[in-house]
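**Q** Have a look at this one.
The values are calculated or read from the model by the stated rules, or taken from the named source; none is laboratory data. Please read all numbers here as calculations on a predicted model, not as lab measurements. Note that we place each Cβ from the backbone using ideal geometry, even for glycine, and neighbour counts take in every protein chain shown.
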Amino acid sequence: MGKSVVKDPGLADKGKLKIEWVENFMPILKEIRKTFEKEKPFKNKTIAAILHLEAKTAALLRVLADAGATVSTTSANPETTDDSVAAALAEHPNIHVYSWRGETIEEYWENINRVLDHKPDIIIDDGADGIVLVHQERTELLDKIMGGCEETTTGVTRIKNLEREGKLRFPVIAVNDAKMKHLFDNRFGTAESSIFGILNATNLMIAGKTVVVAGFGWCGRGLASRLKGMGAKVIVCEIDPIKALEACMEGYQVMKMIDAVKQADIVITVTGVNKVVRKEHFEVAKDKCIFCNAGHFDVEVCIPDLEKLAAKKKKTRYFGLPYNDYLVEEYELKDGRKLYLLAKGRLVNIVAGQGHPAEVMDFSFSLQALSAKYVLENHSKLDPRVYKVPDEIDKMVAELKLRSMGIEIDRLTPEQEEYIKSYEIGT
């Protein structure tokens, strides 16, 4: 535990401008900040935040720090730190940053441990690496931790598995399952940011291409809809018969990956499952097919299989700030076909893009801030299990957003409230 460790402190001024920009478009967090600055709900508390470390995340962390918390933070992925934002955050007196883009796997885990060395009272996680690590290797911290909040579908699944096995030791709020999260962040945010990442990495057109979306959860629904609107021919791959039927009824082609990949110009995985695209799919993939992933971990496109099949490999499409990296890898197979992998198989929307739009992250991070406060105030009454975001928090975030947009909605009259409670026929 000590001073922040970032790639280049000299980038701080650039990072401050990015944070200032997104804060202008996050009115819900702005309102929460006003209340938190007065009440200081997290005074003398430590919050560990393991989130994709970019500008919108910085807005949340500044709110928590200005609410009295000591915040220790790192990225939830080795490739999703914006180094200028990390440098800017490191200048805040109550925020400790251990993160840079391009960490090795060893450095990634070292940085999570550095964050946990601050002995947090609350963990705000994205993917559950921090929460799982505490339960498996940092058990000395368990007695101090009041609870946690989890941002993603993947992370909630992992934590529910801990709960199912009777190993979860503190309450966790499943922020991902809130309506104001999955209906907006997952559906609209993932769609726009992933498409931006693909376009940014490739500089190619969506219209007229055949695009395969693997997974028709909220993220997949959003992606399919936006891609269709941009003129793509969309194929959906699913394992759930109900979701597959829903995709069919919405006008998408539905088929197995082995058949879809033969037609695909682009394949996007968003499932939370490993090896969605693997050896047998690469062997029949169309020449110049582009593969990318919008799921949390880099396991959905099986890179080891692609490596084994390739006769040649090269990196291409280099970008400077904020990436300082090659965003596309070309794999030439023995038969001469070329297959392309974007963003090293990691989250294409952040590794090759800029993450979700500020407006939608305003929803998600407002939920995180309010859920962390809920954990603080109620942890003694909560069992060690996974909880939904309370309805009043979900609705509060929606109401604050509507107010910021100047939108008013109707309310039930007292008579109407009585009517809907009635069970008598004809009343």
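**Q** Pick from region 307-340 the residues that are hydrophobic (A, V, I, L, M, F, W, C) and farther than 26 Å from Q354 by Cβ: which of them is surrounded by the fewest Cβ atoms within 10 Å (Cβ to Cβ)? Let's see the steps before the verdict.
**A** To start, the set of residues in region 307-340 that are hydrophobic (A, V, I, L, M, F, W, C) comprises 309-311, 319, 321, 327-328, 333, 339.
Filter once more, so that each one left must be farther than 26 Å from Q354 by Cβ: 309-311, 333.
Details: L309: 18, A310: 18, A311: 10, L333: 17.
Once the filter is applied, the top-ranked residue is A311.
**Q** Report every pair of residues separated by at least 6 positions or lying on different chains whose Cβ atoms are under 8 Å apart, first residue within region 287-298 and farther than 20 Å from T80 by Cβ and assigned to a loop (DSSP other than H, G, I, E, B), second among the charged types (D, E, K, R) and at pLDDT 95 or above.
**A** D287/R337; D287/K338; K288/D265; K288/R337; K288/K338; C289/D265
**Q** Let me ask you something else. Are there any helices (runs of 4 or more DSSP H) wholly within region 346-427 with 1 or more residues that are of a type in the set (D, E, K, R) and touching a residue at least 12 places away in the same chain (Cβ under 8 Å), and if so which? Quick ask: steps written out before the conclusion?
**A** Values: elements: 348-351, 358-378, 391-404, 414-421.
Per the criteria, 358-378, 391-404.
**Q** Name the one entry in L341, L347, L327, L333 that is over 14 Å from I290 (Cβ atoms), in the same structural domain as K275 (by TED's automatic domain parsing) and more than 17 Å from the chain's Cα centre (by Cα).
**A** On inspection, the qualifying residue turns out to be L333.
Every residue, every condition in (1) under 30 Å from K7 (Cβ atoms); (2) in contact with a helix residue (DSSP H, G or I) (Cβ under 6 Å, 6 or more places away or on another chain), yes or no:
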residue: L321; (1), (2): yes, no
residue: N324; (1), (2): yes, no
residue: I350; (1), (2): yes, no
residue: H356; (1), (2): yes, yes
residue: S380; (1), (2): no, no
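**Q** Test I173 against the stated conditions and say whether it is buried (at least 21 other Cβ atoms within 10 Å of the Cβ), hydrophobic (A, V, I, L, M, F, W, C) and in the same structural domain as A369 (by TED's automatic domain parsing). If you could, list the steps in order and put the result at the bottom.
**A** On the way: buried (at least 21 other Cβ atoms within 10 Å of the Cβ): yes; hydrophobic (A, V, I, L, M, F, W, C): yes; in the same structural domain as A369 (by TED's automatic domain parsing): yes.
So I173 passes the test.
**Q** So, one more: What residue, of V386, V375, V397, is among the β-branched types (V, I, T) and under 19 Å from L183 (Cα atoms)? Walk me through how you get there before you give the answer.
**A** Values: V386 fails: under 19 Å from L183 (Cα atoms); V375 fails: under 19 Å from L183 (Cα atoms).
Result: V397 is the single residue among V386, V375, V397 that is among the β-branched types (V, I, T) and under 19 Å from L183 (Cα atoms).
**Q** Within region 51-71, can one find any residue that is assigned to a helix (DSSP H, G or I) and over 17 Å from A372 (Cβ atoms)?
**A** If we filter region 51-71 for residues that are assigned to a helix (DSSP H, G or I), which is where we start, we get 55-66.
From the residues that got through so far, the ones that are over 17 Å from A372 (Cβ atoms) too are 55.
The answer is yes, given that some residue of region 51-71 is assigned to a helix (DSSP H, G or I) and over 17 Å from A372 (Cβ atoms).
**Q** Sticking with this structure for a sec: Would you point out which residue out of A311, A244 is more than 27 Å from T80 (Cβ to Cβ), in a strand (DSSP E or B) and not assigned by TED's automatic domain parsing to the domain that holds V156? Can you show your working first?
**A** Values: A244 fails: in a strand (DSSP E or B).
Going through A311, A244 in turn, just one is more than 27 Å from T80 (Cβ to Cβ), in a strand (DSSP E or B) and not assigned by TED's automatic domain parsing to the domain that holds V156: A311.
**Q** Looking at D117, D185, D126, D121, which is the one that is touching a residue at least 24 places away in the same chain (Cβ under 8 Å), surrounded by fewer than 18 Cβ atoms within 10 Å (Cβ to Cβ) and either within 24 Å of L367 (Cβ to Cβ) or of a type in the set (D, E, K, R) (or both)?
**A** D117
**Q** Out of (1) among the acidic types (D, E); (2) part of a loop (DSSP other than H, G, I, E, B); (3) in contact (Cβ under 8 Å) with a residue 40 or more places away in the chain, the odd one out for D335 is which?
**A** (3)
**Q** Give A48, A87, A65 a once-over and let me know the one that is touching a residue at least 60 places away in the same chain (Cβ under 8 Å), of a type in the set (A, V, I, L, M) and surrounded by fewer than 24 Cβ atoms within 10 Å (Cβ to Cβ).
**A** Only one candidate passes the filter, namely A87.
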